[in-house]
Amino acid sequence: MPRDADVKLLCSNRSAMIYYTLDGSDPTTNATENCFLYGNSIIISCRTTIKALAYVTDYPYTITISNSYAFGHAIAPTMIASYGNVFNRAGNVVTLATETEGSEIRYTLDGSEPTEASRLYTGPFTIDDTTTVKAKAFKEDWFESETAAATFTREWYTVDAPIIEPSGAEFENVSQTVSLSCATEGATILYTTDGSDPKVNGREYTKPFTIYKSCTVRAIAVKFDWKDSAEATATFTRGESLSEAANLYGYTMETDSAAPWTVDAAVSHDGVSSVRSGAIGNNGTTYLMASVKKAGTVSFWWKAQCEEPDEEDGEDGYYDYGAFLVDDVVKARIAGNDTGWRFVSVEVPTGGKHVLRWEYRKDGATSYAPDCVWVDQVQWSPADGSGYTLTSPEPVPYSWLRQYNLGVASGDFEAAANAASGKLNCGRPTEVWEEYVAGLDPTNANSQLKAMIEMRGETPIVTWDPNLNEDGVARRLYKVYGSETLENGGEWQYPTNSLHRFFKVSVEMP
């Protein structure tokens, strides 16, 4: 359309009066402020929509017609994506362009039709997932362009599922070493051994780890800008050994082959299991023993159900009885008709190898069923404080547990390390061994690992308290994870990047 256009309205009925509007409203049969009686022509100089009707007096029918005029028709935008219409990584850069000089492009990313109120294109933008882009070109006094549309499809790479080796096993009287691997180069493996979700509570796999009790290993593999792998699981079942039933972890307990001691799940002091002496006849003896090194203290609980002793005769008054020996020297005896559980603690003051031995002995006469002793919760504590728990996911020093008076009364540091601390981490109860790893006081509810964020310019600086490495000694491995959002728990990634606005800190043993 030239800058000024002369538009004429005609009607086949020459006696008809023609009324028209220029603002898009419907004309009436009377001239008003916005409705005009047509004369000889209409001069328009901008984009205009004319609506008109012809009216004949006393004639009941009128028909409104309309037509629009503009200086031109904008050309639909073109779209080019840096990674193409099918892409497999984040940051696909989309560029829009139109051949209509002086026009502006409006676009949408949700599949809706663009309008003059839609997002203004000011330069290339990025898309990270499957997206439908629609765009139109707009120019003043011109007709808008047709809609240009394209769908850019993200084909996600998916990380290969981890491989757990062995894939599950039964093991007895020994620990089980577990290895994880992933065929996807650069992937990080997260795993748990407590049955919880590895994406939420997982530890980063860095080397083979050892399990000492029945558990299910759950693992996933993750990689930035890839879909998480499928989860891999493996169940490991430990057949209870004598040392495990007696709670003497990390040591092998030997027993008399002729009258072997056995695991008893029905009678125990800790509510789990104990070891029971083997069946013997008159003048018989059956034994259970273990070897330790260094000076230290051995403690345990035991009970007997056998012939009553004659206390007036002292040691000679024990007929059928249990005995505890260190290096073949009797340190304690127990006998009687259901003695109940009794605690024994014996100091071994010298270094070197020592043999701990439990025996059940019978004389040549009376028996009282079931004629046996039980032993449970055996604890060996080296005097130099070098002892560590063996059943917790991370070894905990006995000395650290003693510091908080944990496991001292019961003589069971293993149970103390694996006990709940009474605190929560992301809604999950924490255990005492986790408090040790984090450097916290397990007996103080206010002792927490806290992460702090300080903005220095536009850069977030994350610190944490307590920091066991603040003197430069690498006692722990701290990792800062970042997420762009907290929706659905957040997509936590390590290492962090500039898009992250939320942060958390994890702590592990080096």
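Brief remarks on what is shown
- Residue 491 being surrounded by 14 or more Cβ atoms within 10 Å (Cβ to Cβ) and under 16 Å from the mean Cα position of the chain (by Cα): yes
- Answer residue from region 370-406, given it is without any contact (Cβ under 8 Å) to a residue 24 or more places away in the chain and small (Gly, Ala, Ser) and is farthest from residue 442 (Cα to Cα) among those: 385
- Residue selected from region 97-118 under the condition in a strand (DSSP E or B), under 40 Å from the mean Cα position of the chain (by Cα) and modelled with pLDDT of 95 or more, by the criterion nearest to residue 157 (Cα to Cα): 108
- Positions within region 463-510 being of a type in the set (Val, Ile, Thr) and over 25 Å from residue 91 (Cβ atoms), in sequence order: 463, 473, 505, 507
- Selection of helices (runs of 4 or more DSSP H) fully inside region 396-463 by the criterion of at least 3 residues being within 23 Å of the chain's Cα centre (by Cα) returns 432-438.
- Residue in region 291-324 that is farthest from residue 386 (Cα to Cα), counting only those that are buried (at least 21 other Cβ atoms within 10 Å of the Cβ) and aliphatic (A, V, I, L, M): 304
To keep it simple, each residue is scored yes or no on (1) of a type in the set (A, V, I, L, M); (2) touching a residue at least 60 places away in the same chain (Cβ under 8 Å).
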site: 196; (1), (2): no, yes
site: 240; (1), (2): no, yes
site: 256; (1), (2): no, no
site: 304; (1), (2): yes, yes
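- Scanning region 374-393 for residues that are touching a Gly at 6+ places or on another chain (Cβ under 8 Å) and of a type in the set (Phe, Trp, Tyr) turns up just one, 380.
- Residues that are surrounded by 19 or more Cβ atoms within 10 Å (Cβ to Cβ) and either of a type in the set (S, T, N, Q) or more than 20 Å from residue 300 (Cα to Cα) (or both) within region 340-378 comprise 362, 377, listed in sequence order.
- Among the conditions (1) within 30 Å of residue 187 (Cα to Cα); (2) surrounded by fewer than 21 Cβ atoms within 10 Å (Cβ to Cβ); (3) of a type outside the set (Lys, Arg), residue 260 misses just one, which is (1).
- Qualifying residue in region 288-307 (condition: in contact with a helix residue (DSSP H, G or I) (Cβ under 8 Å, 6 or more places away or on another chain), closer than 11 Å to residue 356 by Cα and modelled with pLDDT of 90 or more): yes
- Number of positions in region 359-386 that are out of contact with any Ser or Thr (no Cβ under 7 Å at 6 or more places or on another chain) and under 13 Å from residue 251 (Cβ atoms): 3
- Any hit, region 81-95, residues being farther than 30 Å from residue 224 by Cβ, out of contact with any Pro (no Cβ under 7 Å at 6 or more places or on another chain) and surrounded by 14 or more Cβ atoms within 10 Å (Cβ to Cβ): no
- Strands (runs of 3 or more DSSP E) lying entirely in region 176-241 (those with 2 or more residues that are at pLDDT below 90 and within 23 Å of residue 429 (Cα to Cα)): 209-211
This table checks each residue for (1) modelled with pLDDT under 90; (2) surrounded by 16 or more Cβ atoms within 10 Å (Cβ to Cβ); (3) polar (S, T, N, Q).
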residue	(1), (2), (3)
464	no, yes, no
467	no, no, yes
472	yes, no, no
476	no, yes, no
479	no, no, no
484	yes, no, no
487	yes, no, no
496	yes, yes, yes
500	yes, yes, no
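The values are calculated or read from the model by the stated rules, or taken from the named source; none is laboratory data. All values derive from a computational prediction rather than experimental measurement. Don't worry about glycine lacking a Cβ; one is built from the backbone with ideal geometry, like all the others, and counts go over all protein chains shown.
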